[in-house]
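The block underneath contains the structure these notes are about, expressed in structure tokens.
Bear in mind that the values in this text are calculations on the coordinates, not laboratory data. What you see is a predicted model; the values in this text were computed from it and never measured. Glycine gets a Cβ as well: all are built from the backbone with ideal geometry, and neighbour counts include every protein chain shown.
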Amino acid sequence: GVLGPMIGLRNCFFILGGVGVVLAFGLLFLKDPKRGAMEEKEDSMAPEQEEALLGGDWRRVISDVLLVFRSTRALAWTMLGAVFLHVPLGAGQFAIVWLERERGFGVGEISATYGLIYIIFGTAGTFLGGILSDWYQSRFKGGRVRFLAYLMLGVAPLLVSFRFVSPSSPLFYIGMAAGMFSVSSFYGPAFSTVQDLTPVRLRGVMTGLLLVACNLLGLGIGAMMTGYLSDVFSAYSIFEPLTKALLTADIVSWAAPASFILASIYLERSKEPGLGSHLRN
């Protein structure tokens, strides 16, 4: 938003890429901890299972992943909720266009403000999402994903109002900040829950699968759906087509808290005596 008008978006991407290369170089000096080192003895990886992963026996790995999904419904619902949560993130590719086209902001006028709000509330959401979900899990039933569901339901009215109120209203910027806080708070609760519910030997695979699903399905569907609906609404001369398309993506994302609630229910059931002990082997 600040450097874009000065040096161009292409050069901004080059700078960001260079920063990423420098940070990635620093990872060379980080030592990977031993897989499952912090787990109980019975949770450690069997030699034949480690050999299957290191030896590239992907048919067995895929079979194990499918078995975990079938036997751990809380995990499946958590990952599905994460995909739904990324739909409005994909739709967010049209956010600046929407602000300029249908909310009256000039070209480049809102970009810096939007970026600043994202930095502040996105960062706050990332940290507080993890901290508060840990606090919730230690005191209440349902785990971190239930906290995440309640958080999303709590900010939903603000997100809807954000699509309709005047940009001169404080509620407009409150809704914008709430949306950025909400989507950023997902990472700690969701990823830690996936790690908790996944056997040690499959945690890397499952994390990779979650990232692919969120980016390929969630972001992809959100962006494609928003662009397509905007074109359709425009063709039928519907007032503020991008607003309606973005609102549709917001409504689709309401399936995320529903999925997280279901995940929390299955999570509590797995804690009952005699249930869920096989998931950690």
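Just how many pairs of Lys in the chain have C-alpha atoms closer than 29 Å, counting pairs that are eight or more places apart or on different chains?
Within the chain, the lysine pair count is 5.
Pulled fully out, how much extra length does the chain show between Ile174 and Ala235, if you take 0.36 nm times their separation in residues and subtract their Cα-Cα distance?
18.8 nm
What does the charge count around Thr243 come to, taking other residues whose C-beta lies under 15 Å from its C-beta (Lys +1, Arg +1, Asp -1, Glu -1)?
Net local charge, Thr243 excluded: -1.
Residues of segment 241-263 with amide nitrogen under 20 Å from the 7 Å Cα-to-Cβ point of Ser166?
Zone members listed by number: 243.
Return Leu159, Leu148, Leu132 ranked ascending by Cβ neighbour count within 10 Å, so the fewest neighbours appear first.
Going from sparsest to densest Cβ surroundings: Leu132, Leu159, Leu148.
Take the chain, connect every pair of alpha-carbon atoms lying under 10 Å apart with a spring to form a Gaussian network, then pick out the residue of Pro199, Pro170, Pro241 with the largest mean-square fluctuation.
The residue that fluctuates most here is Pro170.
Given R₀ = 30 Å, FRET efficiency for Lys141-Leu27 by Cβ-Cβ distance, to 0.05?
0.20
What range in the chain is the longest one free of chymotrypsin sites (Phe, Trp or Tyr not before Pro) that are in a loop by DSSP and have at most 12 other Cβ atoms within 10 angstrom?
Free of exposed loop sites, the longest segment is 1-139.
Considering only Gly179, Gly108, Gly20, give the residue with the highest GNM mean-square fluctuation for the chain, with springs between Cα atoms whenever their separation is below 10 Å.
Most flexible of the set in this elastic network: Gly20.
Under 8 Å for C-alpha pairs, at least 6 residues apart: give me the relative contact order for segment 128-252, rounded to a whole percent.
Dividing the mean separation by the residue count of segment 128-252 yields 21 percent.
Relative contact order of the chain: what whole-number percent is it, with Cα pairs under 8 angstrom and at least 6 residues apart?
Across the chain, relative contact order equals 33 percent.
Once you've got the GNM for the chain with C-alpha springs shorter than 10 Å, pick whichever of Leu202, Leu30, Leu89 has the biggest mean-square fluctuation.
Highest fluctuation of the listed residues: Leu30.
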